[in-house]
Amino acid sequence: MEDQVPGKVSLVGAGPGDPGLMTARALELISRADVIFYDRLIPPDALSGARDDAELIYVGKMPGTVHNPQEEINRRIVDAAREGREVVRLKGGDPFIFGRGGEEAEELAEAGIPFEVVPGVTAAIAATATAGIPLTHRDDSAGVAFVTGHRDAKTEQGIDPDGSLALFPGTLVFYMGVKRLAENAADLIAGGRPADQPAAAIQNGATPKQRVVTATLGTIAAKVEAEGIRPPALIVIGDVVRHHSKLAWFGNRPLAGRSVVVTRARHQAGKLAAMLRGQGADVIEMPVIEIQPIAPDREALDVFARGEIDLICFTSPNSIDRFFEVIGEELEMDARDLSTWVAAIGPSTARKLKEYGIRADIVPDRAVAESLLGKLVDDGHADKRILIPRAQEAREVLPDGLRQVGADVTILPLYRTVPVSPEPEVLKKAAEADAITFTSASTVKNLLAAVPDGLPGLVNVSIGPVTSEAMRKAGIEVSAEAEQSDLNGLAAAVAAALNCEPGEAEL
């Protein structure tokens, strides 16, 4: 039997904790991997793009514990590659900056395993940027040094035995610097660094939970202790810290310090989550529904195939994606074969049509079935042959109303929504959030199916009147409703409901 050709290992930097700062190459490799070994400090939802059949193995380390020793991690990575599998080793920050990526790469090289290294945005770069602290500055610093705050485990020497670090003419950034901060600061002062030089501690940098405290080198340890700053945190020492008060921007965003639950299906949650994160929110993705395709009704599909349709009404982006998937697979047709009028229930659905090169002929002012029905009647389409691709279970307002005015309506069910039970850990976080968003009646129904008592105490924000009606019927108070029934309107409604000035949410 021939020897197994080893797979490749990719040592991938996942960045500082913001999923928006992950590189395109990192996301590509995650989507292709057979197995992913991941650390504790990777961004939320960093693994959401992994294949359904990918093996996800947690190898994180908590400070002060002996779990997942590095030698064992190295062995497991090599073993997986020797099985011919494509392996991603996903590490917070950058693999080669205090990430032990060099040790893992050496192990792979010695084992003859092909590998690549994908850089990530390291915490020192990201956290200082979000804190408004430039690492270099024409007036204050011509260089920067990244330093570990740990002491040599073998010698227990201080961080600066010869005084050279204290005299470094630039900015010092300490990783893992909280535990020994008082000792390290004392060493630097003893080596000649001014005790009154500005210093900062940045906890959970570049994430919605970021905290920044400033002091001087001589007082930073006491300030960190008093303010309860805990790992993961960086310590920044240098004159550049003085710019923080003027340049800090991260905490000034509308939803900074607020947490928001998104209940959309996982594959749809990304855009709304990105909008909210862009406003500074800590987003908790808790999908309570899943979109499942169903076999199309052949008779209804044949009506379209024979050209016996004058107008197609799309009532959601899901219906558009599934419709073109079905006509491609079943009829070998695509958007170029549409010779009908096209209606979209609202702006989000119209934007989805544009992705297929189609401009909607009819879009009502409000994204509800009642408004689309009125628009179709007013525009003279009451006598048309109309196709409605949609979910298996949906409101009958549009088809019933069209039939009442004389339209010949064909319904084409293409998918169904099924409930998803939130994981206990996610549900626990959601219960402590500030707000929760509902984007459809299905999200309302399925949340209560999973959590009968709901999530009391949260601000409940609805995407539009139909969803609001479902919330009220279910006994959920509607705290706010989007003026515009799309994701932009929903993001703005969240900010307004939390008494924040909404910023630009459009993506």
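Annotations
- Percent antiparallel among DSSP beta bridges (both partners in the chain, rounded to 5): 30
- Between Q404 and E290, the contour length at 0.36 nm per residue exceeds the Cα-Cα span by 37.8 nm.
- Per-residue ellipticity at 222 nm, computed for the chain from helices alone with -39500 (n - 2.57) per DSSP H run of at least four residues, works out to -9500 deg cm²/dmol.
- R306 paired with E329, simple spin-label distance in nm, labels 7 Å along Cα-to-beta-carbon: 2.4
- The stretch 94-183: trypsin sites (Lys or Arg not before Pro) falling in loop per DSSP and having at most 13 other Cβ within 10 Å: R138, K154
- Across all C-alpha atoms in the stretch 397-462, the radius of gyration and Dmax reach 17.3, 52 Å.
- 0 to 90° range, to nearest 10: angle between helix 266-278 axis and the chain longest Cα axis: 60
- Cross-link pairs beyond the 27 Å C-alpha cut-off, checked among K91/K223; K8/K354; K271/K429; K8/K91; K91/K352: K91/K223; K8/K354; K91/K352
- Distance-filtered residues of the stretch 156-198 - backbone nitrogen under 16 Å, label point 7 angstrom along E225 Cα→Cβ: 178-187
- Once each of the GluC sites (Glu not before Pro) sitting in a DSSP loop with at most 16 other beta-carbon atoms within 10 Å is removed, the chain keeps 157-307 as its longest stretch.
- For the stretch 128-205, the relative contact order is 34 percent, taking Cα pairs closer than 8 Å that sit 6 or more residues apart in sequence and dividing their mean separation by the residue count.
- When only Cα pairs below 8 angstrom with a gap of at least 6 residues are kept, the chain shows a relative contact order of 11 percent.
- Segment E370-Q157, extension gain: residue separation times 0.36 nm, minus the distance between their alpha carbons: 69.2 nm
- Tail fraction, Cα-Cα pairs, the chain, threshold 33 Å, whole percent: 52
- Cβ-placed point charges (K, R +1; D, E -1), dipole of the stretch 235-312 about Cα centre in debye, nearest 20: 720
- For the pair D53 and E469 in one chain, pulling the backbone fully straight at 0.36 nm per residue adds 145.9 nm over the alpha carbon distance.
- Contact order normalised by residue count of the stretch 9-119, Cα under 8 Å, 6+ apart, percent: 41
- For R82 and E183, the FRET efficiency from 1/(1 + (r/R0)^6), where r spans their Cβ atoms and R0 equals 51 Å, is about 0.70.
Values in this text are rule-based calculations from the coordinates and carry no lab data. Since the model is a prediction, treat every value here as computed from it, not as a measurement. Neighbour counts are summed over all protein chains in view; Cβ atoms, including those assigned to glycine, are modelled from backbone coordinates with ideal geometry.
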